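Below: the structure, in structure tokens.
The values are calculated or read from the model by the stated rules, or taken from the named source; none is laboratory data. As the structure is a computational prediction, the values presented were derived from the model and not from experiment. Cβ sites come from the backbone with ideal geometry, for glycine too, and all protein chains shown count toward neighbours.
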Amino acid sequence: MNAHSAPNPPVILRALLLAFSGDAHCELVAGDLHEEFLCLCEQRGQGVGKRWYASQVMRSLPDLVRLRIRSGELTRSLAVLTCIAASLLLLDRLWCFVYSHVPWKDGLDRAAGFLAVNLAVLCIASAISGALARSARAAALLSLACAAGAMAGICASLSAAPAWYIGAALLAATASSLAGYTNTKWRSQ
């Protein structure tokens, strides 16, 4: 096979492998599987190679998760997710308390000012978590953890959230986390 027609493993499986393998094991695991994949495709065809690659990725995921837990990378992401969700839940409970003491309220929906404060706290917490990332891959993973934490906090809140708030929260969590990482890297240079 020449370099122009060399097959590539399925993109989704490669992304899954890279997402679950830590920084220390990323290139090693992906490179070894890719070399075997190319040899298998050359000898037995792309269909066999892709099926083998899929089975190897799925078989490797539990071990890769264990390695990430031991190294602390996954623990950091889970801590970020928990902190973001907990801060939004605590703010929701605070707003429930404050709102219960307002005598002439228009309805049960949260005022835009309450939601703006939630977004500001979310941005600050996400930027701090992004600033703690050591690499671009870790920053991307932490930004996804921030978005997942924001979604968990919104889903667990007592009041219904408007669609614009959900979209803004997911975007703000991801962007703030990546901005925190970028700012830290820019300052260190």
For residue 99, which of the numbered conditions (1) without any contact (Cβ under 8 Å) to a residue 40 or more places away in the chain; (2) loosely packed, with under 15 Cβ neighbours inside 10 Å; (3) under 20 Å from residue 153 (Cβ atoms) fails to hold? (2)
Filter the stretch 24-58 for residues that are assigned to a loop (DSSP other than H, G, I, E, B) and closer than 21 Å to residue 137 by Cβ; which is modelled with the highest pLDDT? 25
Pick from the stretch 145-165, criterion out of contact with any helix residue (DSSP H, G or I) (no Cβ under 6 Å at 6 or more places or on another chain) and free of Cβ contacts under 8 Å to residues at least 40 places away in the same chain, ranking: surrounded by the fewest Cβ atoms within 10 Å (Cβ to Cβ): 163
Those residues of the stretch 69-78 which are in a helix (DSSP H, G or I) and either in contact (Cβ under 8 Å) with a residue 60 or more places away in the chain or farther than 14 Å from residue 144 by Cβ (or both), in sequence order: 69, 70, 71, 73, 75, 76, 77, 78
